[in-house]
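Following: one structure in structure tokens, then a few remarks.
Please treat every number below as a calculation from the coordinates, not as lab data. Computed from a prediction, not measured in an experiment: that's the story for all the values here. When we count neighbours, we look across all protein chains shown, and the Cβ atoms used for this are built from the backbone with ideal geometry, even at glycine.
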Amino acid sequence: MTVLLGCALLLTGSVDTGSAWFVIRVYGREQPVLSVPVQIGDRIELGHTHSVHRRPVHEVYSVSPSAGLAMEEIRADAHGANLPSGPETVDGVTSTFVQEGEGYRVEHHGRPLGTVRMVVGTPDVDHRLTLPDRDVRLLDLVDPRARVELFVQTHPGVRAM
């Protein structure tokens, strides 16, 4: 399954060791723009300012040996266009909608995504990744509106899912 979000990251690694490499590359190109070691089960957060309602949104993914990237949760402090407004069922997995103070959290329970494709936003959107050992601003790696991919590769040349 491929989910279109706007930016892509590549994860590669070994199921045997529990390690992987989180790689960001421009869609359609072979050469990655970043390659970072991660462990199976690590969480990767993508934060940005929503392009319509101008409020912060945080998407949390996990590194899965069988599913590539898995969706764990989305957090926001306000409802907006293309953001969940309650529980929803996608591919047989029903999310949990949790109201938290002024905002909310949508738990996706490790829903398999496989490859995530997205378009990197302009400076006012400011997509940023929080990895286990570093923070990465996507605009430091690629131009605004670049299409990127995120995926897990468990062995050289073999994508999960």
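Over the range 19-154, the Kirkwood radius and the radius of gyration, each from Cα atoms, give a ratio Rg/Rh of 0.95. Summarising the amide proton neighbourhood of residue 115: residues at separation of 5 or more, or on other chains, whose placed amide H is nearer than 5 Å comprise 3. Extension gain, residue 39 to residue 85: 0.36 nm times the residue separation minus the Cα-Cα distance gives 13.4 nm.
Sparsely packed loop sites in the range 55-161 (the trypsin sites (Lys or Arg not before Pro) outside DSSP H, G, I, E and B with at most 13 other Cβ atoms within 10 Å) comprise 134, 145. Put simply, when 91-103, 45-57, 61-73 are sorted by average Cβ atoms within 10 angstrom per residue, most first, you get 61-73, 45-57, 91-103. 3J(HN,Hα) along the range 112-119, derived from phi through the Karplus expression 6.51 cos²θ - 1.76 cosθ + 1.60 where θ = phi - 60°, amounts to x, 10, x, 8, 10, 10, 8, 9 Hz, with x in place of Gly and Pro. Scanning residues 5 or more positions from residue 27 or on other chains, those with amide H under 5 Å from its amide H are 147, 148, 149, with H placed 1.01 Å from N in the peptide plane. Based on Cα contacts under 8 Å between residues 6+ apart, the range 19-154 shows a relative contact order of 28 percent.
Projecting label points 7 angstrom from Cα along Cα→Cβ for residue 97 and residue 126 puts them 2.9 nm apart.
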